[in-house]
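Report on one structure; see the data block that follows.
Laboratory data are not the source of any read-out in this text; all were calculated from the coordinates shown. Please read all numbers here as calculations on a predicted model, not as lab measurements. Here the Cβ is made from the backbone with ideal geometry for all residues, glycine too, and neighbour counts use every protein chain on show.
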Amino acid sequence: MAIFYQCAGQRDYRALDETVELKLGTLKAAMSADVTTIEDVLIFVEDGDEPLTAETLEITLAGAQHHKLHAHHCRHIEVTVNYNVHTAKHHFSPSTTVGKVLRWAEDKFKISESEAGHLQLQLAGTSDRPVLTTHLGALTHGRECSVVFDLLPSHRIQG
């Protein structure tokens, strides 16, 4: 079974060494390098709302060939999305993907279906448009538990 994960401030997925024992404490130790102290680490399954417990970890990892997890110190990430003159806020887990936030924002701002496929989230104040599979927690730094996006048209190539 392959386990891939992201951590706070680290966008690249890492593969967990297959020799790591699949116990919560062992996973926390293996995934918390450069993130925080082991006691503060919470592990989430991708797009999961609650951190894994010893009981839910076993159920979650049973059966599937691969998993995407996220190690973070925040239970929730406060997300702010700016669109035109409107702003919306919502709390998501650190393992929530940018794609899920984009779909939430399109629904929240009542974006038409024809326009929805032509929008992207960009980190406010930057030109950084994270890929849809990036976990929110990977976009935070230090002890931050928030992310601010602008909802903008996708880059269009005209020719």
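Which value, in debye to the nearest 20, describes the size of the charge dipole of the chain about its Cα centre when Lys and Arg Cβ atoms bear +1, Asp and Glu Cβ atoms bear -1, and nothing else is charged?
Charge dipole of the chain: 440 debye, to the nearest 20.
Based solely on C-alpha atoms, express the radius of gyration and the Dmax of region 65-159 in angstrom.
Taking only Cα atoms of region 65-159, I get Rg and Dmax of 13.7, 46 Å.
How about the chain: what cysteines have no other cysteine beta carbon under 4.7 Å from their own?
7
Would you mind ranking 148, 79 so that the residue whose beta carbon has the fewest other beta carbons within 10 Å leads the list?
148, 79
Using the alpha-carbon centroid of each, what span in Å lies between region 70-94 and region 114-129?
Value for the Cα centre distance between the two parts: 15 Å.
Which of (1) 23, 18, 15; (2) 31, 16, 14; (3) 26, 18, 14 is the computed semi-axes √(5λ) of the Cα gyration tensor in Å for the structure on display?
Computed from these coordinates, semi-axes √(5λ) of the Cα gyration tensor in Å corresponds to label (2).
With r as the distance between the Cβ atoms of residue 4 and residue 86 and R0 = 30 Å, compute the FRET efficiency 1/(1 + (r/R0)^6) and round to 0.05.
0.30
Tell me the angle of helix 98-108 to the major Cα principal axis of the chain, expressed in degrees between 0 and 90 and rounded to the nearest ten.
So the helix axis and the longest Cα principal axis differ by about 40 degrees.
Relative contact order for the chain: what is it in percent, counting Cα pairs under 8 Å that are at least 6 residues apart?
Relative contact order, the chain: 26 percent.
Put +1 on the Cβ of each Lys and Arg and -1 on the Cβ of each Asp and Glu in region 2-72; which of 27, 15, 45 then has its Cα farthest toward the positive end of the dipole?
Of the options given, the answer is 15.
From the Cα gyration tensor of region 2-72, with a ≥ b ≥ c the square roots of its eigenvalues, which class applies: rounded if a/c is under 1.5, or else prolate if a/b is larger than b/c, or else oblate?
Rounded.
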